[in-house]
Amino acid sequence: MHRARKRFGQNFLQDDGIIYSIIALINPGPDMHVIEIGPGLGALTRPLLRNLDQLDLLEIDRDLVAYWNQQNLEGLTVIEGDALQFNFLEWANTRSGKKGFCKVVGNLPYNISSPLLFHLVSAATQIDEQIFMLQAEVVERIVAKAGSSDFSRLSVMLQARYDMELVLEVPPEAFEPQPKVNSAVVRMIPRKDFKLSDTQWSALEQVVAAAFSQRRKMLRTNLQAFSERLSLTEIELKSRAQDITVERYVEWAKVLAS
Ligand code: SAM
């Protein structure tokens, strides 16, 4: 029997209704390439595999990797590794070639969710969809709109790259052991209209980090270093980072990178 390991954020799904809903959201089908981050004991893995010709698993816990290797299931490829180091771009290129939909899915370990979401941005050109269970608070933050107190650096960066939607709320009782927080599932689809170059993306990272560096301060202070180039309006100078739209941040990034 596997004992859940806290350091790997192991909270295993056990509610059949919730599992069914997540599988329906992933909507697995033949000709689709799916990688599941953190299969654990297989709450999502087994139903996924019933509807897919092939499924890749990425798991950091050696005992669970051994468990999956022993199962010897057809169509299953088990990769031992840390999702924060894994090359998702290479995975998508190898798997899909020019054919088929690429999806990254998982009930993610909550302790690494923000860095993992940033890490995945580098593969967004080749990924069609991401469906993740995260801490509800994180999902609320990433889908928050400008003007909301939840609107943050994470919201701007991820909304610049993905269309996102909170699609399911999940209570602690759906897991064993139960986490202390509520959870939610987010659907993330790389934006079709995304056109930033690497330099423009870096400029976006810089200007957004500066704007949110002191949340309560006005942009007059936080963006002082950029003010000459950005020609902020009087209203913007008196605004706080959370009041500026994603589109406006993107415009600033383009100016700074030009
Ligand atoms: N999918 C299972 C479920 O829903 O019951 C398990 C989910 S559990 C919240 C998170 C899983 O991610 C565990 O299997 C854990 O070992 C794995 N994990 C934790 N950190 C990881 C990392 N850095 N890279 C890959 N897998 C990781």
| field | Residue that is nearest to the ligand (Cβ to nearest atom) [pool: residues in region 1-20 that are more than 15 Å from Gly106 (Cβ to Cβ) and either within 19 Å of the chain's Cα centre (by Cα) or modelled with pLDDT under 95 (or both)] | value | Arg5
| Selection from region 73-125 of residues that are aliphatic (A, V, I, L, M), within 14 Å of the ligand (Cβ to nearest atom) and within 25 Å of Val139 (Cα to Cα) | Ala83, Leu84, Val104, Val105, Leu108, Ile112, Leu116, Leu117, Leu120
| message | With the structure loaded, tell me whether Arg46 is closer than 25 Å to Pro171 by Cα and at pLDDT 95 or above or whether it fails that test. | response | yes
| query | Name the residues in region 231-253 that are assigned to a helix (DSSP H, G or I) and within 22 Å of Arg161 (Cα to Cα), would you? | reply | Ala241, Gln242, Asp243, Val246, Glu247, Arg248, Tyr249, Val250, Glu251, Trp252, Ala253
| Counting just the residues of region 43-61 that are within 14 Å of the ligand (Cβ to nearest atom) and farther than 17 Å from Gly9 by Cα, which one comes out surrounded by the fewest Cβ atoms within 10 Å (Cβ to Cβ)? | Arg46
| When residues of region 180-204 are filtered for being of a type outside the set (S, T, N, Q), open to solvent by less than 50 Å² (accessible area, probe 1.4 Å) and either outside any loop (DSSP other than H, G, I, E, B) or modelled with pLDDT under 95 (or both), how many remain? | 8
| request: Search region 30-55 for residues that are assigned by TED's automatic domain parsing to the domain that holds Gln126 and closer than 15 Å to Leu73 by Cα and pair each with any residue that is of a type in the set (Lys, Arg) and part of a loop (DSSP other than H, G, I, E, B) when their beta-carbon atoms are under 9 Å apart and the residues are at least 6 apart or on different chains. | output: none
| remark: The residue from Gly29, Gly40 that alone is open to solvent by less than 30 Å² (accessible area, probe 1.4 Å) and at pLDDT 95 or above is Gly40
| message | Looking at Ser239, Ser213, Ser231, can you tell me which residue is small (Gly, Ala, Ser), surrounded by 14 or more Cβ atoms within 10 Å (Cβ to Cβ) and not assigned by TED's automatic domain parsing to the domain that holds Tyr162? | response | Ser239
| request: Please indicate, with yes or no, whether at least one residue in region 163-176 is open to solvent by 10 Å² or more (accessible area, probe 1.4 Å), in a loop (DSSP other than H, G, I, E, B), within 21 Å of Ala43 (Cα to Cα) and at pLDDT 95 or above. | output: yes
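The values are calculated or read from the model by the stated rules, or taken from the named source; none is laboratory data. Computed from a predicted structure; not experimentally measured. We place every Cβ from the backbone using ideal geometry, glycine too, and count neighbours over all the protein chains shown. Just so you know, the surface numbers come from the protein's heavy atoms only, side chains and all, with ligands and any DNA or RNA stripped out. Shrake-Rupley method; radii C 1.70, N 1.55, O 1.52, S 1.80 Å.
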